[in-house]
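To keep things clear, I will list the structure first and then write my remarks on it.
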Amino acid sequence: MAEAKASRLKQRPLSPHLQIYKPLLTMMMSIVHRITGGALYFGMLLLVWWLIAAAAGPNAYAVVQWFMETLLGRLILFGYTWALIHHMLGGIKHLIWDLGYGFGPVEREWLTVATLIGSVGFTILIWIVGYLVMGGIR
Amino acid sequence: MTDHTPHSMRTPLGRVRYLGSAHHGTRAFWHQRLTAVANVPLTLAVIFIIIGLMGRNHAAVVQILGSTLVAIVMLLFIVSSVYHAWLGMQVIVEDYVHDELWKLVTLIANTFFSIAVGFAAVFAILKLSFGL
């Protein structure tokens, strides 16, 4: 079956893959959008762990709180925050593109730069507000 | 396999329909966007809720997470984002896993993982809310 199918198909040139293109910001951010999406997929486990611990009782919740306050826990949470915000802003950019707007050579670049600056800015802002709510860094 | 001959009565649309890598139409594409739109306000609300819960003890967290409005927002966020994540991972698998058997296995794993994560989170919030 497979051989019969192959012999009937003409040998056509394949379209070139990613490696022949100059890395552009829009392209790199498109890849980052997928990577952050994949990270958030597994990051859901962290959210579920937190919710189940809260539902299970004070002892289980204390373990989550302890982990989140370690350096590793904070780094993971900081990365999670950035991935979430970046994926959200990148998603809004993709929705704008889906509607057919922002494809010009200038707009597409500044839209992409805005998602990057915005994601870093909002992540830092969220953490500053978070630490203020907790009453300072501890 | 005689579809490609000029004698076929099948329309060009009929020949290509359901042949995409997912064997579905544009439903997945549309639902991905639908949940994406829903996720914007829901994510902002959940970030707001989580900031409010930071550093609080277990009793306070249970009380806030279990309160009606917060629980409803959390449930909407979980359902929308788990569905969004399931669709997204399906696209990633279909793009990179070309072996049919491995594709089947990873697509099944994606569905099992998503349903398990979604149900566990929903159950936890309902338990907090109903105080069982």
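Footprinting exposure proxy ranking of B:R56, A:R12, fewest other C-beta atoms within 10 angstrom first, gives A:R12, B:R56. A DSSP coil position with no more than 13 other Cβ atoms inside 10 Å describes none of the chymotrypsin sites (Phe, Trp or Tyr not before Pro) in the stretch A:24-58. When peptides A:19-27, A:91-99 are ranked by their average number of other Cβ atoms within 10 Å per residue, the highest-first order is A:91-99, A:19-27. Note on A:W66, A:W82: ascending count of other Cβ atoms within 10 Å places them as A:W66, A:W82, the fewest first.
Over the stretch A:47-100, the hull volume per residue, using the convex hull of the C-alpha atoms, is 67 Å³. Using the average count of surrounding beta-carbon atoms within 10 Å as a protection proxy, the listed peptides B:68-75, A:71-78 rank, highest first, as B:68-75, A:71-78. Among B:S81, A:S15, B:S8, sorting on how many other beta-carbon atoms sit within 10 Å of each Cβ, with the fewest leading, yields A:S15, B:S8, B:S81. For the stretch B:89-106, backbone phi angles converted through the Karplus equation (6.51, -1.76, 1.60; θ = phi - 60°) give residue-by-residue couplings of 5, 4, 5, 4, 4, 5, 7, 10, 9, 9, 5, 4, 5, 5, 4, 4, 4, 5 Hz, Gly and Pro being listed as x. For the peptide A:38-47, the mean number of other protein chain Cβ atoms found within 10 angstrom of a residue's Cβ is 5.
Working note: Karplus 6.51/-1.76/1.60 with θ = phi - 60° gives the stretch A:42-52 the couplings 7, x, 4, 4, 5, 4, 5, 4, 4, 5, 5 Hz, where Gly and Pro are set to x. According to the Kirkwood relation over distinct C-alpha pairs, the hydrodynamic radius of the stretch A:26-133 is 15.5 Å. For chain B, the longest principal axis of the Cα atoms and the long axis of helix B:27-53 meet at an angle of about 10 degrees.
Rounded to the nearest 10 degrees, the inclination of helix A:107-133 to the longest alpha-carbon principal axis of chain A is 10 degrees.
Would you work out if the protein assembly as shown is rounded, prolate or oblate? Take a ≥ b ≥ c from the square roots of the eigenvalues of the alpha-carbon gyration tensor; rounded if a/c is under 1.5, else prolate when a/b is larger than b/c, oblate otherwise.
Prolate, because a/c is 1.5 or more and a/b exceeds b/c.
For chain B, the relative contact order works out to 28 percent when only alpha carbon pairs closer than 8 Å and six or more residues apart are counted. Placing a pseudo-label 7 Å from each Cα along the Cα-to-Cβ vector at A:V129 and A:L99 gives an inter-label distance of 2.3 nm.
A convex hull fitted to the Cα coordinates of the stretch B:24-130 yields 115 cubic angstrom per residue.
Bear in mind that the values in this text are calculations on the coordinates, not laboratory data. Predicted model only: the values in this text are computed from it and were never measured. Here the Cβ is made from the backbone with ideal geometry for all residues, glycine too, and neighbour counts use every protein chain on show.
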